[in-house]
Amino acid sequence: MQITAETRGPSPAPREATKAATRDGARHDWTVAEVQALYELPFFELLDRARIVHRAVHGGDAVQLCTLLSVKTGGCPEDCAYCPQSSHYETEVGAEKMLDVPAVLDAAKRAREAGSTRFCMGAAWREVKEGPAFDKVLDMVRGVKGLGLEACCTLGMLTEGQATRLAEAGLDAYNHNLDTSRQNYKSIITTRVFDERLATLRNVRKAGITVCSGGIIGMGETITDRCAMLVELAQLTPHPESVPINALVRAEGTPLAALPPLDPMEFVRMIAVTRLVFPDAMVRLSAGRTELSREAQMLCLYAGANSIFYGDRLLTTPNPGPDADDSLIRDAGLTAMAPAPR
Ligand code: SAM
Ligand code: DTB
Ligand code: SF4
């Protein structure tokens, strides 16, 4: 659907109305000031605007359920300050052996039976290396597709050739987050640079796999950093099909463990702004829900989130679990999204 000036609402900055929009209404030339002007709107004004776009484009009453599985846990050589799987920090998560293909497909079957339509396999790798472990991932992808699920992977950096092999195995989506702004990147991760993330996203896109890319808030970044991250993502052409917004899970032993909790209103604002900047994308209300009240989660779903991770665990940390989410969805009067026709 075309987002018009009317559905988007009055411009937060005078330039917005004159900016070029693509055929699908998606804009790639947002400025940080414009996005921040949205972020700082009076709360209800922001919610109203995001809700209008959310209803116009997505209907506003269906939630996609995705299940995550860590297929290779811990022992990661990267030093991402938020991550309990980094080998740089003493955390509760140790390095484990990679899961076997049948174990992963059993988990995928259970996820499908529980109602998930997308299955995302994560590995604590800096990058993919050719060899038996990658061959196993390709088998996992073929198996998950064979079950009629959308298949997603998050495996670290990829070359174009590796992305093509994943595409040939049937992979639908690749998750690779920018995580924070270019400016803030060095304060969170020193073992890779922001442009390496963008290079992988280009390789994913070239291979014809859909892009899932977002970030984490609550890591001590400024509001400008949050908005700058969205601006970088919006520069991708086309926009990512999926934008996950995570609140930091403050894992014991990581350098960010002692940060104060994120104000839930900030989470809601970030979801609403993400909906406005990415009208066509799935906006995923991702990590951090165990610290959000039902009401705050409902506000996120109201303001534009249309996907959640479903199940007791994310990768290594807890998630609300199916019973809590079934009642959340029911009490909000929403429905779980049906699988896409095969
Ligand atoms: N190693 C690969 C990578 O970094 O791209 C894939 C797995 S990594 C765990 C996937 C994403 O999980 C990260 O990009 C980050 O956004 C998210 N994540 C990891 N630890 C987190 C935490 N403590 N809180 C919130 N999100 C987290
Ligand atoms: C995303 O943005 N969030 C998910 C998924 N993509 C891979 C991962 C969240 C991980 C939270 C910490 C953990 O459970 O280890
Ligand atoms: Fe490794 Fe990914 Fe965790 Fe960074 S976020 S330490 S790359 S598993």
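The values are calculated or read from the model by the stated rules, or taken from the named source; none is laboratory data. The structure displayed is predicted, hence computed values, not measured ones. Glycine gets a Cβ as well: all are built from the backbone with ideal geometry, and neighbour counts include every protein chain shown. Each accessible area value is taken on the protein alone, full model and side chains, heavy atoms only, with ligands, DNA and RNA left out. Shrake-Rupley method; radii C 1.70, N 1.55, O 1.52, S 1.80 Å.
Please count how many residues of segment 74-121 are within 11 Å of ligand 1 (Cβ to nearest atom) and under 19 Å from the mean Cα position of the chain (by Cα).
8
Considering only segment 177-184, I want to know if a residue exists there that is open to solvent by 40 Å² or more (accessible area, probe 1.4 Å), among the polar types (S, T, N, Q) and over 28 Å from Ala251 (Cβ atoms).
Taking every residue of segment 177-184 in turn, none turns out to be open to solvent by 40 Å² or more (accessible area, probe 1.4 Å), among the polar types (S, T, N, Q) and over 28 Å from Ala251 (Cβ atoms).
Are there any strands (runs of 3 or more DSSP E) wholly within segment 78-187 with 2 or more residues that are away from ligand 3 (no atom under 16 Å from the Cβ), and if so which? Let's see the steps before the verdict.
On the way: elements: 118-123, 150-154, 173-175.
In segment 78-187, 118-123, 150-154 are the strands (runs of 3 or more DSSP E) which contain 2 or more residues that are away from ligand 3 (no atom under 16 Å from the Cβ).
Determine which member of the set Val273, Val249 is open to solvent by less than 10 Å² (accessible area, probe 1.4 Å) and of a type outside the set (Gly, Ala, Ser). Quick ask: steps written out before the conclusion?
Working: Val249 fails: open to solvent by less than 10 Å² (accessible area, probe 1.4 Å).
One residue alone meets the criteria, Val273.
Can Ser86 be described as within 13 Å of ligand 2 (Cβ to nearest atom), polar (S, T, N, Q) and open to solvent by less than 20 Å² (accessible area, probe 1.4 Å)? Walk me through how you get there before you give the answer.
Values: within 13 Å of ligand 2 (Cβ to nearest atom): yes; polar (S, T, N, Q): yes; open to solvent by less than 20 Å² (accessible area, probe 1.4 Å): yes.
It is true that Ser86 is within 13 Å of ligand 2 (Cβ to nearest atom), polar (S, T, N, Q) and open to solvent by less than 20 Å² (accessible area, probe 1.4 Å).
When you check Asp263 against the structure, is it in contact with an Asp or Glu (Cβ under 8 Å, 6 or more places away or on another chain) and either in contact (Cβ under 8 Å) with a residue 12 or more places away in the chain or of a type in the set (D, E, K, R) (or both), yes or no? Reasoning before the result, please.
On the way: in contact with an Asp or Glu (Cβ under 8 Å, 6 or more places away or on another chain): no; either in contact (Cβ under 8 Å) with a residue 12 or more places away in the chain or of a type in the set (D, E, K, R) (or both): yes.
Judged against the criteria, Asp263 is not a match.
I'm checking my understanding of the structure. Among residues of segment 328-342 that are surrounded by 12 or more Cβ atoms within 10 Å (Cβ to Cβ) and over 18 Å from Val57 (Cβ atoms), which one is nearest to ligand 1 (Cβ to nearest atom)?
Here the residue is Leu328.
When the residues of segment 66-77 are filtered to those that are assigned to a strand (DSSP E or B) and either polar (S, T, N, Q) or open to solvent by 10 Å² or more (accessible area, probe 1.4 Å) (or both), which remaining residue is farthest from ligand 3 (Cβ to nearest atom)?
So the residue we want is Thr67.
May I ask you to say which residue of Ser307, Ser286 is open to solvent by less than 10 Å² (accessible area, probe 1.4 Å), of a type outside the set (Lys, Arg), in contact with a Lys or Arg (Cβ under 7 Å, 6 or more places away or on another chain) and within 12 Å of ligand 2 (Cβ to nearest atom)? It would help to see each step written out before you state the result.
Numbers: Ser286 fails: in contact with a Lys or Arg (Cβ under 7 Å, 6 or more places away or on another chain).
The conditions single out Ser307.
What are the residues in segment 188-216 that are open to solvent by less than 40 Å² (accessible area, probe 1.4 Å), of a type in the set (A, V, I, L, M) and assigned to a loop (DSSP other than H, G, I, E, B), if any?
The answer is Ile189, Ala207, Ile209.
Quick check, is Thr254 over 19 Å from Leu69 (Cα atoms), buried (at least 16 other Cβ atoms within 10 Å of the Cβ) and of a type in the set (S, T, N, Q)? It would help to see each step written out before you state the result.
Values: over 19 Å from Leu69 (Cα atoms): yes; buried (at least 16 other Cβ atoms within 10 Å of the Cβ): yes; of a type in the set (S, T, N, Q): yes.
Judged against the criteria, Thr254 is a match.
Check segment 52-60 and report whether any residue there is within 21 Å of Leu178 (Cβ to Cβ) and modelled with pLDDT of 95 or more.
Taking every residue of segment 52-60 in turn, none turns out to be within 21 Å of Leu178 (Cβ to Cβ) and modelled with pLDDT of 95 or more.
Please work out if Val144 is closer than 22 Å to Arg284 by Cβ and away from ligand 1 (no atom under 16 Å from the Cβ).
Spelling it out, Val144 is indeed closer than 22 Å to Arg284 by Cβ and away from ligand 1 (no atom under 16 Å from the Cβ).
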